[in-house]
Amino acid sequence: MSSFVLGRIKSIKYALQGMFYLLKTEHAIISQLSIGILTLFLGAYFQITKVEWLIHVFLIGFVLAIEGLNTAVEKICNFVHPDFHDQIGIIKDVAAGAVSFAVFTALVIGVILYYPYFVG
C-alpha cells in the first residue's frame, strides 16, 4: 500500500478517535447529539422530504462540528494558560458564541422545516 493511502487511513483513525473522545467526555456534544437523534425521529414521524432530510442531517453535523471546534479551542486555552486570564476568557466566549450562532441557525431552520407539519 502506498504511503498516501496509509496516511489517509491513519487520518481517519485519528478523526474517529477524536469523535469518540468528544462523545465520551463532552456533555454539550452528548446533549446536542441526543437532541439531533430526537429530531431524526421527528423527521421519520412526519415523513419529511429528501431535501428536508439533507438539510436536517447537515444541521446536526454543523452544530456538532462547531461544538467540537469550540472544545478544541477551550482545550488549547486551558493548556496555554491554565489560570484565569481576561484574554483567554474572551477567546473562550467567542468560541462559545460561534456555537450559539450554529445552534440558533439550526433552530430557525428547524422551525421553518417543521412548522408546516405541525400546523398542516
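Per-structure values
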{"item": "Spatial separation of Cα centroids for the stretch 54-78 and the stretch 1-37, in angstrom", "result": "12"}
{"item": "Convex hull volume of the stretch 60-120 per residue (C-alpha atoms, cubic angstrom)", "result": "69"}
{"item": "Lys10-Leu69 FRET efficiency (beta carbon distance; Förster radius 25 Å; 0.05 resolution)", "result": "0.70"}
{"item": "Test item: Cα-centred dipole of the chain, Lys/Arg +1 and Asp/Glu -1 on Cβ, debye", "result": "560"}
{"item": "The stretch 26-119: relative contact order in percent, alpha carbon pairs under 8 Å with at least 6 residues between", "result": "33"}
{"item": "For the stretch 71-86, 3J(HN,Hα) per residue [Karplus equation, 6.51 cos²θ - 1.76 cosθ + 1.60, θ = phi - 60°, Hz, x = Gly/Pro]", "result": "4, 4, 4, 4, 5, 5, 4, 5, 6, 6, 9, x, 7, 4, 8, 4"}
{"item": "Fewest-first ranking of His85, His56, using other Cβ atoms within 10 Å as the exposure measure", "result": "His85, His56"}
{"item": "Choice from Phe101, Phe46, Phe84 showing the highest fluctuation, given a GNM over the chain with Cα pairs closer than 10 Å", "result": "Phe84"}
{"item": "Helix-derived mean residue ellipticity, 222 nm - over the chain, DSSP H n ≥ 4, -39500 (n - 2.57), to 500", "result": "-32000 deg cm²/dmol"}
{"item": "Helix 27-46 axis, angle to the chain major axis (alpha carbon atoms, nearest 10°)", "result": "20"}
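Rule-based calculations on the coordinates, nothing more; no lab input. Remember, it's a predicted structure, so these values are computed and weren't measured experimentally. Cβ coordinates were reconstructed from backbone atoms using ideal geometry, including for glycine residues, and neighbour counts include every protein chain displayed.
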